[in-house]
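A short write-up of the structure that comes next.
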Amino acid sequence: MEVGLALSGGAVRGMAHIGVLKYLEERGVSADFTAGTSAGSLMGAMYAAGFSAEQIERIALEIDWKDIVKSITGVRFPRKGIALEINWKDIVKSITGVRFPSKGLVNTEFLGGIMKEYLGQAKIERLEKPFIAVSVDITGSQVVHLDKGELTSALMASCAIPGIFTPVDRDGLILVDGGVLQNLPTRPLVDRGIKTVIAVDLNAHSDRSGPPQNIFDIIFRSISMMAREKDEQDGKLAAYWLKPDLSKIGPWEFDKTEELIELGYREAKNVLENATLKSSRWSKIFRR
């Protein structure tokens, strides 16, 4: 019985996926096919490439995310709005020495450099397990499932949150974050005949982390709210729908990595251990 893993987007909340992977490994469950959107694509790609949950956790903890953000902008996160009278292009140019990106605050190539450190020049079709990175063609207004070709550019496309990161030009398409139209990627797994899908939905609970603190926060929350109804529909396609309560942790709280991993682990244990008692299907998966 094939098992598929659908990992949603969620910015830094994507660290909770590591906790789910840790639990599955402890129980001897190995997903045969993985689909990921945005942050979920990063975790899913490493998993499909053969990284263990422990290795992914070590990488997540060793990266200084705050320093990365600072190195991109040269300053702290932008405020909630940008005053019209200020010439921000000139300010950014004076800080970074480069031209302000016309289609996003941050050039997505920066993310690509980080990904290549760990995944190299890998091709999706040569990973140890089948993998799909979900993106959206913003010109054609349609979901794009990237299942072959260069892995790094696929991940950049899947993570290119509109307004924050610049779109990715790939295969003649202008691609942005998959969360715009398919944040919880159960559909591509079901369409490929996977009967047992484990969906990890990181935005199922309303945000209770307090007022938005910066422009990134506002953009992310807006996209998440618009995607919620579609997430509910896609979650129902899964055999097991995990919804860790991450509502008190903001999408950019980089210092909460360990807590997020633990919350993901607890949700997997709670949902899947109960499933073991009630479902002969899940018991068979554990015995594979």
- Task: Pull up all non-local amide H partners of Val3: gap of 5 or more, or a different chain, and H-to-H distance under 5 Å with H placed in the peptide plane.
- Result: Asp32, Phe33
- What ranking do 216-229, 239-252 get when scored by the average of other Cβ atoms within 10 Å per residue, highest first? 239-252, 216-229
- Item | Distance (nanometres) between label positions extended 7 Å along Cα→Cβ at Ser222 and Glu125 | 3.9
- Task: Quantify, in whole percent, the carbon and sulfur part of the accessible surface of the stretch 104-179 (1.4 Å probe; protein heavy atoms only).
- Result: 50
- Query: When the chain is fully extended, how far beyond the present Cα-Cα distance does Glu25 get from Gln55, taking 0.36 nm per residue of separation?
  - Reply: 9.6 nm
- When the charge dipole of the stretch 4-62 is computed with +1 at the Cβ of Lys and Arg and -1 at the Cβ of Asp and Glu, the Cα pointing farthest to the positive end, of Gly10, Tyr47, Gly36, is that of Gly10
- Item | 5 angstrom amide H check on Arg170, placed H, neighbours 5+ away | Leu175
- Task: Please list, or write none, the aspartates and glutamates whose alpha carbon is within less than 17 Å of the alpha carbon of Lys248, excluding same-chain residues fewer than 8 places away.
- Result: Asp201, Asp207, Asp217, Glu258, Glu259, Glu262, Glu267
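The values are calculated or read from the model by the stated rules, or taken from the named source; none is laboratory data. Owing to the predicted nature of the structure, the values given are computational and were not obtained by experimental measurement. Note that each Cβ is placed from the backbone with ideal geometry, even for glycine, and that neighbours are counted across all protein chains shown. Please note that ligands, DNA and RNA were not included when accessible areas were found on the heavy atoms of the full protein model with its side chains. Shrake-Rupley method; radii C 1.70, N 1.55, O 1.52, S 1.80 Å.
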